[in-house]
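Report on the following structure.
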């Protein structure tokens with residue numbers, strides 16, 4: 001019973017991590033950019049909800065998604081496009097600069113204290129599924145993630161721009177030689193990444209009921225770890241990695257001896273190191289492909 | 001050819017040292033607040049030089065060095081805080097509780113502990129390739145952070161550990177940075193440093209010429225951790241306190257940014273990066289405090305400093321993606337020599 | 001159709017092309033041959049917009065195209081099949097071929113062209129739904145050419161189409177090239193293998209150390225002493241490459 005309850009916790013947390021990891025993994029697969037500012041996309045999404053508090057939830061949610069998508073596009077246009085040919089180190093530091101900038105702008109405007117937001121309050125109670133009581137929000141997270149994954153998969157298989165993006169992720173220069181427009185593919189990637197980030201943000205705000213200027217940092221770190229576990233450059237891998245981290249996290253929380261529980265994250269990352277030693281290229285990447293990373 | 005390289009590297013180090021001493025001398029004329037800024041800059045310089053020893057020579061990013069800063073600081077804290085205070089704040093075994101060492105001894109122990117931890121941690125990890133090694137160092141950062149935050153009896157946990165003797169003056173910090181610079185320069189000249197830099201350009205080619213890339217990385221990592229731990233030591237005795245949350249993401253990225261923006265392929269770059277970030281930060285900090293214009297004082301909203309810093313860093317990266325210095329090391333302009341043939 | 005004048009290209013301090021000029025008339029097949037490292041690939045990559053030139057002029061028809069982004073050149077009818085094939089291994093053969101038509105919108109004509117490409121390379125029809133990464137080297141080369149043809153290019157650039165392929169497969173590839181010539185396609189082929197390229201081409205340029213060492217009608221060049229000298233490097237001090 002408790003095991004099933006924990007399993008639901010694990011899967012729903014994994015679902016959110018999967019969405020976050022997908023956002024990171026998508027940009028990386030196309031541009032080799034590790035976008036540290038992805039966390040701030042999540043954070044800004046939260047603050048849009050705060051700004052529109054009191055409006056119908058649908059309005060709040062849609063506005064949040066829209067603003068974050070636009071911010072993602074802006075980020076690409078202003079900070080990352082000029083750096084397209086730069087080294088991965090420079091790109092990473094640039095993304096950190098963007099992250100730092102956004103955090104401090106929000107800090108300056110809203111202050112450091114976390115602020116309460118009422119969002120999807122009705123998802124607070126639980127749904128009875130046979131003997132299980134599943135919090136509605138967790139249930140929604142799982143459903144939304146599955147739907148998103150299916151939609152993304154269809155998008156990448158069936159749509160013209162989706163196939164172009166897969167080609168660009170594998171060999172960007174060759175894709176351009178065939179006529180795939182670099183700017184358009186990258187822009188679409190950032191928009192999708194933004195939408196994924198805002199979905200994570202909607203969940204976080206609904207679950208914690210608050211926003212703070214540092215709320216994106218934890219999530220983005222976990223998203224990296226999940227992406228690396230799945231195999232940087234693989235979208236299925238990112239999703240898989242997310243679920244895996246969620247499961248390990250919740251399991252450790254549930255099964256660690258009580259006095260070790262505060263150290264849970266240390267154990268998660270210890271497990272991560274062990275994983276890296278076992279399979280450094282990630283779950284979905286073949287070892288031969290790793291050199292490209 | 002070897003001799004020529006030696007000369008340039010030492011020239012460069014000598015010039016950088018001269019600049020550092022000059023800055024320190026100028027700072028003694030400055031108001032105390034500015035002196036503090038310069039002291040802090042020298043401390044950060046120590047850390048960034050330590051970072052460069054690994055990242056600059058190997059081309060591999062490390063996110064874990066701040067963890068070794070923390071180790072350096074906490075070990076020294078345990079060894080230098082008054083036993084009476086330790087008894088109250090921490091829960092240490094008796095011999096540690098009663099122990100109190102002078103600064104230099106504490107430094108040596110702190111650096112040794114950090115080096116040993118670095119060795120144990122890095123030995124299994126240096127075989128990792130691609131993005132796995134940087135991510136593993138990131139895991140090290142998180143683990144150190146979580147442990148520091150929760151190991152109440154040794155680190156004080158979430159609360160700041162206070163009572164460290166504050167002996168990091170301007171000249172102590174300068175000495176630390178200078179020592180770091182000298183050690184880094186010596187290392188660069190050894191065949192280990194050279195071998196590592198070969199692997200930076202091409203792992204495959206280096207391995208083919210018989211270079212044990214993993215071993216060279218391990219050596220550089222341990223040395224780097226030792227220098228960074230010294231930086232942590234200086235930092236701890238500058239603030240007088242140790243707070244676990246200081247040694248996490250923001251400090252990691254600020255130091256990495258200093259390295260990359262200055263130019264991560266040269267020591268001059270490391271120094272330039274620290275100088276740039278410190279100057280810009282200080283500039284905007286004083287703007288925040290208010291610029292007197294006639295009878296009025298123009299004040300900027302708090303937080304402007306960080307925003308301006310981020311914007312300027314981005315601008316510099318966009319204009320010079322390889323950092324301010326690129327590959328370049330500081331040197332006297334070369335005298336024109338006769339060409340020795342094509 | 002294509003005119004290159006005084007092209008200078010460097011990779012950092014290494015000079016790859018020093019003042020290369022050549023012409024390809026419409027409907028011609030022109031071969032560029034030369035030893036390894038002569039700059040042949042650089043030439044094609046620069047024409048296709050992947051590599052930046054320091055100096056020089058490249059015209060497609062009347063229009064200058066030097067420095068234009070590769071995707072825009074693709075829209076203008078330049079198709080490059082780079083050395084090493086560069087097919088998208090994680091995509092299917094069908095998806096690879098379809099990507100060739102990225103710049104086109106005429107669905108019916110695209111479908112017809114796919115049929116034609118599959119007629120030209122029947123093995124691709126067999127493997128149509130398979131992941132392209134599973135194809136053999138020769139099959140991948142055919143896929144790369146089929147993909148390039150889907151763009152209905154005005155100018156087809158082939159970089160070492162026979163590299164790493166068994167002689168039988170090479171013959172198939174060149175049969176396809178001959179078929180294209182009969183259809184009036186303009187082709188610029190870069191090859192290390194002298195024999196095939198020169199046999200297929202109307203005219204040949206010999207490139208060495210980043211410069212055109214010799215050029216002329218293929219029938220006149222082949223087998224002459226001057227040709228060998230041009231290919232292997234002029235003058236004793238350069239040595240044999």
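FYI, it's all coordinate maths here, none of it is from the lab. Note that the structure is predicted; figures quoted are calculated from it, not measured. Here Cβ is always computed from backbone atoms with ideal geometry, including for glycine, and neighbour counts include all displayed protein chains.
Here are some notes:
- Folded to 0 to 90 degrees: helix C:137-149 orientation relative to chain C principal axis, Cα: 80 degrees
- Among beta bridges identified by DSSP and lying wholly in chain C, the antiparallel ones come to about 55 percent.
- Mean separation of Cα contacts under 8 Å, 6 or more apart, over the residue count of the stretch B:2-248: relative contact order %: 39 percent
- Once the Cβ-Cβ distance of residue B:159 and residue A:258 is raised to the sixth power relative to R0 = 25 Å, the FRET efficiency obtained is 0.70.
- Between residue C:63 and residue C:211, the contour length at 0.36 nm per residue exceeds the Cα-Cα span by 50.9 nm.
- Cα gyration tensor category, rounded, prolate or oblate, for the stretch A:1-120 with a/c compared to 1.5: oblate
- Distance (nanometres) between label positions extended 7 Å along Cα→Cβ at residue B:152 and residue B:94: 2.4 nm
- Alpha-carbon centroid distance for the pair the stretch A:3-38 / the stretch A:107-170, whole angstrom: 10 Å
- Taking every DSSP helix (H) stretch of at least 4 residues in chain A, weighting each as -39,500 (n - 2.57) and dividing the sum by the residue count yields a mean residue ellipticity at 222 nm of -24000 deg cm²/dmol.
- Overall form of the stretch B:140-245 per C-alpha gyration tensor (a/c, 1.5; a/b vs b/c): oblate
- Helix-only mean residue ellipticity at 222 nm for chain C, each DSSP H run of n ≥ 4 adding -39500 (n - 2.57), per residue, nearest 500: -10500 deg cm²/dmol
- In this calculation the C-beta distance from residue C:23 to residue C:119 is compared with R0 = 35 Å, giving a FRET efficiency of 0.60.
- Projected label distance in nm at residue B:319 and residue B:205, using a 7 Å step from Cα toward the beta-carbon: 3.2 nm
- Angle in degrees between helix C:167-182 and the longest Cα principal axis of chain C, rounded to the nearest 10: 90 degrees
- Over chain A, relative contact order from alpha-carbon pairs under 8 Å, at least 6 apart, %: 36 percent
- Between residue C:129 and residue C:202, residue separation times 0.36 nm minus the direct Cα-Cα distance comes to 22.6 nm.
- When DSSP beta bridges are restricted to pairs lying wholly in the protein assembly as shown, around 65% turn out antiparallel.
- In this rough spin-label picture, where each label sits 7 Å from Cα along the Cβ direction, the residue A:210-residue B:26 distance is 4.5 nm.
- Residue-span extension gain [residue A:173 to residue A:129] - 0.36 nm each, minus C-alpha spacing: 10.8 nm
- Residue exposure sequence - B:192, B:296, C:86 - by fewest surrounding Cβ within 10 Å: B:296, B:192, C:86
- Calculated [θ] (222 nm, deg cm²/dmol) that DSSP helices of n ≥ 4 give over chain B, each run adding -39,500 (n - 2.57): -24000 deg cm²/dmol
- Shape class for the stretch B:104-157: oblate, because the ratio a/c of the largest to smallest gyration tensor axis (alpha-carbon atoms, square roots of eigenvalues) is 1.5 or more and b/c is at least a/b.
- FRET efficiency for residue A:153 and residue B:129, using Cβ-Cβ distance with R0 set to 22 Å, rounded to 0.05: 0.15
- In degrees, nearest ten, helix C:107-120 long axis to first principal axis of chain C (Cα): 70 degrees
- Considering all different alpha carbon pairs of the stretch C:50-202, the Kirkwood hydrodynamic radius works out to 16.0 Å.
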